[in-house]
Structure formats: structure tokens, C-alpha cells
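A short worksheet on the structure shown next.
Values in this text are rule-based calculations from the coordinates and carry no lab data. All figures in this text were calculated on a predicted structure; none of them were measured in a lab. Backbone-built Cβ (ideal geometry, glycine too); neighbour counts: all protein chains shown.
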Amino acid sequence: MNVPRRRPSILLFPLSFLLAFPTLQATAADKVPDPALVKKYAALLPERPQGVGRPIGDRQAWQNVAKAPAFQGVVARAEKLLKAPMPELTDDDYLDYSRTGNRSRGERVLGQRHSRLPQLVLAECIEDRGRFLSAIEAAIRAIAAEKSWTLPAHDGSLKNFYGTERDIDLASSALSWNLATADYWLGDKLDADVRKLVRSELQRRCFTPFRGYVLAGKPSLWWATAANNWNAVCLAGVAGSALAILDAPHERAFFAAAADQYFNHFLEGCAAGGECGEGLG
């Protein structure tokens, strides 16, 4: 699969998962995926995890990316990031929304922090010289240390901030997919401890909460049965992360089958012509 040719504000657009797997449409009525469907996907999936795009070792693919107009400024922007420290995220930044109702201040810092990773990863994959690896690993460690990956406005009860429960939202699902994709693209170029950290954080913040919802209804992921684009985007981030990083085919198949099932709710919210009203708006 070719790397998307677009300005790399994130590694990939979450809905590309749905475009890459057009057959993932819900057919089961029950919340738990049909075991037969899980088995079917397990048989179809490759033995090793595989994400979108190509690993850094495929130099022809990345040379093609480097020539694409949309990626001409990637390395130059990443070089500037090497000279700038990771923006600090304080508790006050995150709690600003719960105290004042202002979204912009906290989200600005989170956006600066989380957009740093994909720019550095793209630059390293284009160059393959090791110049950006230390900054990439530092960004991953900093992101892993954040108390919450959900946006403050999506964490009104602060259960994510205080760690009493892990939720999944638009931001955390996309960030999870970016981290999984970074690991897939860079592979052993990353320190083994960093790769282990990525896997443990994705389990804690993405896979375990989603599996808990599917199997036991906790946490309550309202978007799983919503007829709007939260459904499509969050499912794409969760399932895309699983396909890119989980070792066992049957584990990846569980998330693929769940995405297959719940995605039907998004389709139900589309107009007769197939358009998503919120997207057009």
C-alpha cells in the first residue's frame, strides 16, 4: 500500500483504514463479534502485523515519497523541530477546560506535542540516516508519560486524567494509530525499550478499553453505536493500531471483526446518497 500523498500533519488519515478494508461492514447484531467472523479474518490476515505504508527498509517506496510534491518540506520542518524542545504539558493546561470551558489553550499544547512525532518519523523514513531517531524516541517517551490521551473537552469527568478509567476518543484513537504506524515503519531502528513502551501504552489506553467495552460494556464507549463520524474515526484508529502492531493474527482479527460489526452504525447515519452530513458541514 502506498503512503498517502498529503501534508503529514498526522501519519495517516484515520478513514484510510476503512478505504483499505472496504468489506469491514457490520453484519452481526450482537455486541461481541461473531466467532466465525473472527476466525475468517484470522485466516486472511498475514502472519506478522502489517500497517499502512511501507517500512523504512523499502527504500524505493520512500524515495518515491521524497519526490512527491506534498512531502517536499518534510525534512526541513523536522530539522526545525530538532532545535526546539517538546512543548511542556502541565496539569493546568489539561484542566483549563474543566475550570474555564476554554478548549483552545490545552488543545494547542496537545496538538503541538502530538504533531511532532509524525513529522519526525516521516523525515527519518525519507532520509534513513538516523538523524531523527533520538528525537522520535524522546517524543514517544513524553507522549507515554501523559496522564491522558483524550482531549480535555472529551474528559469532562476527568476519569482519564486521574486514571480511574481509560476512555477512547477521536484524539486518542488517532494518536494510537500514529504510534503503531511509527513502530511498524521504523521497526528495529527504534530502541527495544521504546518499542516495548509503545506496546504497553497501546494495550493500556487503546486495546484493553476497547476489548473491555466489547466483552463487558466497560468503559462505556458511546461512539461504538453512534451514527456519526466518531464511530468511523475511532474504529479506524483502534483497528488500524491493532493490525499494525499486535503479533497474534487472532488478536488482530478480533479488532477487525469488531470494526466490521460496529461500523454499520456509521453507515446508518449516512444520507441516501452515501454522504456523511457532518463531513460536508
Between a residue in region 175-201 that is over 16 Å from Gly130 (Cα atoms) and any residue that is of a type in the set (Lys, Arg) and crowded, with 19+ Cβ neighbours inside 10 Å, which pairs come within a Cβ distance under 9 Å, given they are 6 or more apart or on different chains?
Leu175/Arg205; Ser176/Arg205
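Considering each of Val65, Val38, Val32, Val75 in turn, give the residue that is surrounded by 12 or more Cβ atoms within 10 Å (Cβ to Cβ) and in a loop (DSSP other than H, G, I, E, B).
Result: Val32 is the single residue among Val65, Val38, Val32, Val75 that is surrounded by 12 or more Cβ atoms within 10 Å (Cβ to Cβ) and in a loop (DSSP other than H, G, I, E, B).
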For region 98-120: of the residues being of a type in the set (Gly, Ala, Ser) and farther than 25 Å from Gln72 by Cα, which is surrounded by the most Cβ atoms within 10 Å (Cβ to Cβ)?
Gly106
Within region 240-251, residues touching a residue at least 24 places away in the same chain (Cβ under 8 Å) and surrounded by fewer than 24 Cβ atoms within 10 Å (Cβ to Cβ) come out as Leu246, Asp247, Pro249, His250
Can you list the helices (runs of 4 or more DSSP H) lying wholly within region 147-233 that have 2 or more residues being basic (Lys, Arg)?
192-202
Restricting to region 79-93, name every residue that is surrounded by 11 or more Cβ atoms within 10 Å (Cβ to Cβ), under 27 Å from Thr150 (Cβ atoms) and hydrophobic (A, V, I, L, M, F, W, C).
Leu81, Met86, Leu89
